[in-house]
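To start, the structure under review is shown below, and the notes come after it.
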Amino acid sequence: MLRSCLYFLAAYCSLSLLSPAMAAEPHDENAILTAKSDTSLTSPTQFLDYPLGQWHLRHDQINFYLKQLARESAKVSIEKSGQSHEARQQLTAVISSAKNQARLDEILRQRQTVKSGDTQQGPLVIWLAYSIHGDEASGAHAALKLSHLLASSNEQWINRLLDEAVILITPSQNPDGLDRFSNWTNNYRGQVNVSDSNHKEHRQNWPSGRSNHYFADLNRDWLFLRHPESQGRVALFHKWQPHYVGDFHEMGRDQSYFFQPGVPSRTHPLTPKDNQALTAKLTKFHQQALDELKQSYFSRQMFDDFYYGKGSTYPDINGSIGILFEQASPRGQVQATRNGELRLQEAIHNHVATSISSLKGALALKDELLEYQSEFYQGRDKTLKKGRQQGFLIGAPANANRITDLSALLEQHHIEFYYLTKSVTQGKVDFAVQTSLFIPVNQPQKSLLLAMFDNRTEFTDPTFYDVSSWNLEQAYHLQLIRNAKLDIDVLSKKRPKPTAFNVDEQAVSLLINWQQDNAAPVLQQLLQTGIRAKFAGKPFTIRVDDIDVTFPAGSLQIPLKQTGNSAEKITAKLTELVKRYPLNIASVTTSSSVSGIDLGSPDFHPVKPIKPLLVTGQGTNASEVGELWYYLDTKLAVPVTLVDIGRLTRLTLSDYSHIILPGGSYSSLDEKFARKLGQFAKLGGTIIAQKGALTWLNKGHLLKTDLKEARFYNQLFDSTNLSFADREKLEARQSIGGAILELTLDPTHPLSFGIRGNSLPILKNKALGLTETSTPFIVAAKYAEEPLLSGYLAEEYQRSFSMSPAILLEPRGKGAIVILADNLMFRNIWLGSEKVYANALYFVPALD
Ligand SMILES: [Zn+2]
């Protein structure tokens, strides 16, 4: 206690940002407090009982500190925005004057009128959010320091700031990743600092703390909201509708400091010009702050404002100004860099400085920020006008589940939409009540709506920091009419009632259309209960309640006469399952079809229970592993065994039905294991391999089809007569940031079952292809003749991929290898193409 008090006394200096003297003393957390500060509030160092940053913070320490500060200060309250996957609470400190704190409800009511575009009442709202990548931890530390500073300071400008603004501070946006990192790095921190970047303290295990529980990059999830952390954050965004959002990160250790604007030519065209003008005006505040610290920095040269699924760009398409900050990473305590040793304390200090410059800048530009946000929402219809409505008409034929997912997503983004009261036909396409919805274009969230369905293939700059397209129409494989005109009478806010599950007393079988997203998890639950199901190898039409209904290939049949399972037991189980996984189940009273195969046909194949093994660990791509795990675990609810590469050689592979190889290098596996894996397939196992895993399988002589890889594609690009300065441009054209390509399916192939039509959009982000094959019956999908649907893909690639195989099924003895040139469940948002994995899991082994 005594030591802490001395810290306080010794540490006063001016708060007119950080004084130059501070640069020499970056360790002292209280140095930015002033003589007027309220010393009764517990500082982070007092709370921890050691100097902030001496050990990396754990998430629970952050939460306990925020709660303590809120108990001690009338200027601080706490906002909860749900839990992480591992049930860690996501907290935000709400800091404002005591007077504003007493009327937060009123302020929040005012914030709810922002999207109406009326003149704004109430304070400026600034949201500073840190460490969404859990191993970029200087931000979380800076956030605690800043929270204490704002709550305790009585500096004049801070008093004015808290009178005129509400500051939201979210120190740790990825709680599970932050704890994974801090436990790791603290474990290997010695009494003596080791700056060698090879030291374990700076080199994380697999996976790193960057990602969340399912190894997902949460800073790519702001549009599609697959994870609870993102859902909580986007709810917080729309509740407060901030004017300014600061997004604090770390980058490579050899860099200096970066703040936006990013590369101007790489700003998404839907972002208003005024947004970029305000971003530019704010830079002088950050420049001054860092110049005072003699900290070098840069802007405009890296990073971009293109993909709206990031924390600094989502605000840009929602009436706010998002600014990205990147500090060179010290990772552990001290790391050697090409600019000398970089200490955690220095990194914390820089982020505190730009947090303060954010506050100063936003306060100085308050009127402009308020006006910008109001203007952003002006001229948009708040309610439907009478008569015909113009908008997006969306359908997911036979798949109400897809519409359920979509409607939940739109609701979270505050995008208005309507259900249909009766089926309609537009542009010769039928839209049924259960499987359609309508989104009016002229609505408050028009910009975000257009961004989510953005489709473009022309770009001024072919360089992309992330994907070049994410069109929801293609990711969800929807039918979409963009300029539909519907009468107001056919629109309703009320969700249509799902079809009830009734079983006819005379029923002989139950049938499930495989196009429904919930068909696969229901099948998995049936298999786990010991209820047998078959899938149709060919389509058929059969009478259901006196109507002829066509079931596509892949549809499930659950016979009601099963040894060991009474019809009552089967019906009871499905009644229970449709509550958890709503879907349509038809009951039929005859095995005789109107056309196509009868229900007793040998073309109905029994589905075998599955026991998949997912290969993980160093040498595999953590994002792809995480996406596959998320799908198997949270969607199919199948127990999946995760095994690190290093342990694979010791396992009895025949204990498993499927071995799934996500993208990766697999360089630690040798030919001996390749032979073992080949034997696994020959004896009836199924291997599912994608992207980089194919390279290793090819080397191990497990593939019959040849691969085309980067070396092949690079020579397609003409590099003669290019100057040295053209090198970056050539590299940009040669890289595939992520573009949407069309596959042409063989709809009769089991890997294509359940996918509507014979065209499937997929996301491609790797220069990898398969050579033409003369082996019959193994190609399930090829790239279309003109494959590019949306995004940037160099013409050299477009020509080369055209009509070449993309999805193959190579038989191997009694088993098979499923060959995927692409990751078909990228970020778990490719709901159309992820069906291929369900097909590979349940249908392929049944084909022997
Ligand atoms: Zn980051």
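The values are calculated or read from the model by the stated rules, or taken from the named source; none is laboratory data. Computed from a predicted model, the values in this text were never measured in an experiment. Please note: Cβ atoms are built from the backbone with ideal geometry, for glycine as well, and neighbour counts cover all protein chains shown.
Summary table
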read-out: Residue count for segment 464-473, restricted to those that are under 16 Å from the mean Cα position of the chain (by Cα) and either in a helix (DSSP H, G or I) or charged (D, E, K, R) (or both); value: 2
read-out: Flag for V615 being under 17 Å from Q690 (Cβ atoms), β-branched (V, I, T) and in contact with a Leu (Cβ under 6 Å, 6 or more places away or on another chain); value: yes
read-out: Q327 under 13 Å from G139 (Cα atoms), within 16 Å of the ligand (Cβ to nearest atom) and among the polar types (S, T, N, Q); value: yes
read-out: Of residues in segment 531-564 being out of contact with any strand residue (DSSP E or B) (no Cβ under 8 Å at 6 or more places or on another chain) and in a strand (DSSP E or B), the one farthest from D603 (Cα to Cα); value: I547
read-out: Entirely in segment 565-682, the strands (runs of 3 or more DSSP E) that have 2 or more residues that are buried (at least 21 other Cβ atoms within 10 Å of the Cβ); value: 586-588, 612-616, 658-661
read-out: All strands (runs of 3 or more DSSP E) inside segment 322-406 with 2 or more residues being closer than 25 Å to P171 by Cβ; value: 334-337, 340-343
read-out: Any hit, segment 53-70, residues being among the β-branched types (V, I, T) and assigned to a strand (DSSP E or B); value: no
read-out: Residue, nearest to the ligand (Cβ to nearest atom), within segment 236-258, restricted to residues that are aromatic (F, W, Y) and under 29 Å from N205 (Cα atoms); value: F248
read-out: Test: residue in segment 262-278 that is surrounded by fewer than 21 Cβ atoms within 10 Å (Cβ to Cβ), among the acidic types (D, E) and over 16 Å from Q301 (Cβ atoms); value: yes
read-out: In segment 80-115, the residues that are surrounded by fewer than 21 Cβ atoms within 10 Å (Cβ to Cβ), among the hydroxyl-bearing types (S, T, Y) and touching a helix residue (DSSP H, G or I) at 6+ places or on another chain (Cβ under 9 Å); value: S81, S97
read-out: For I132: the one exception among (1) within 16 Å of the ligand (Cβ to nearest atom); (2) in a helix (DSSP H, G or I); value: (2)
read-out: Within segment 676-695, considering residues that are over 27 Å from the mean Cα position of the chain (by Cα) and small (G, A, S), the one farthest from Y837 (Cα to Cα); value: G678
read-out: Residue check, N193 assigned to a loop (DSSP other than H, G, I, E, B), more than 16 Å from the ligand (Cβ to nearest atom) and within 26 Å of R338 (Cα to Cα); value: yes
read-out: Answer residue from segment 215-229, given it is over 8 Å from the mean Cα position of the chain (by Cα) and either farther than 14 Å from S131 by Cα or free of Cβ contacts under 8 Å to residues at least 60 places away in the same chain (or both) and is farthest from the ligand (Cβ to nearest atom) among those; value: P228
read-out: Filter result for S230 (crowded, with 20+ Cβ neighbours inside 10 Å, polar (S, T, N, Q) and touching a Gly at 6+ places or on another chain (Cβ under 8 Å)); value: no
read-out: Total residues in segment 152-204, condition of a type in the set (D, E), closer than 18 Å to L128 by Cβ and within 30 Å of the chain's Cα centre (by Cα); value: 0
read-out: Extreme residue, surrounded by the most Cβ atoms within 10 Å (Cβ to Cβ), among residues of segment 407-438 that are β-branched (V, I, T) and touching a residue at least 60 places away in the same chain (Cβ under 8 Å); value: V424
read-out: Residue in segment 248-257 that is on the phi > 0 side of the Ramachandran plot, modelled with pLDDT of 95 or more and crowded, with 20+ Cβ neighbours inside 10 Å present; value: no
read-out: Among the candidates G361, G332, G340, G319, residue that is more than 16 Å from the ligand (Cβ to nearest atom) and either among the hydrophobic types (A, V, I, L, M, F, W, C) or surrounded by fewer than 23 Cβ atoms within 10 Å (Cβ to Cβ) (or both); value: G340
read-out: Set N159, N154, N187: member being surrounded by fewer than 21 Cβ atoms within 10 Å (Cβ to Cβ), of a type outside the set (F, W, Y), more than 14 Å from the ligand (Cβ to nearest atom) and over 28 Å from L370 (Cβ atoms); value: N187
read-out: Single residue of segment 513-530 satisfying the filter (buried (at least 19 other Cβ atoms within 10 Å of the Cβ) and part of a loop (DSSP other than H, G, I, E, B)) that is nearest to the chain's Cα centre (by Cα); value: D517
read-out: Flag if D304 is of a type outside the set (S, T, N, Q) and more than 16 Å from the ligand (Cβ to nearest atom); value: no
read-out: Boolean, Q173 is in a loop (DSSP other than H, G, I, E, B) and without any contact (Cβ under 8 Å) to a residue 24 or more places away in the chain; value: no
read-out: Some residue of segment 121-128 being within 16 Å of the ligand (Cβ to nearest atom), at pLDDT 95 or above and not polar (S, T, N, Q); value: yes
read-out: Restricting segment 788-830 to residues that are among the small types (G, A, S) and in a strand (DSSP E or B), the residue that is surrounded by the most Cβ atoms within 10 Å (Cβ to Cβ); value: A806
read-out: So R233, is it within 16 Å of the ligand (Cβ to nearest atom) and in a helix (DSSP H, G or I); value: yes
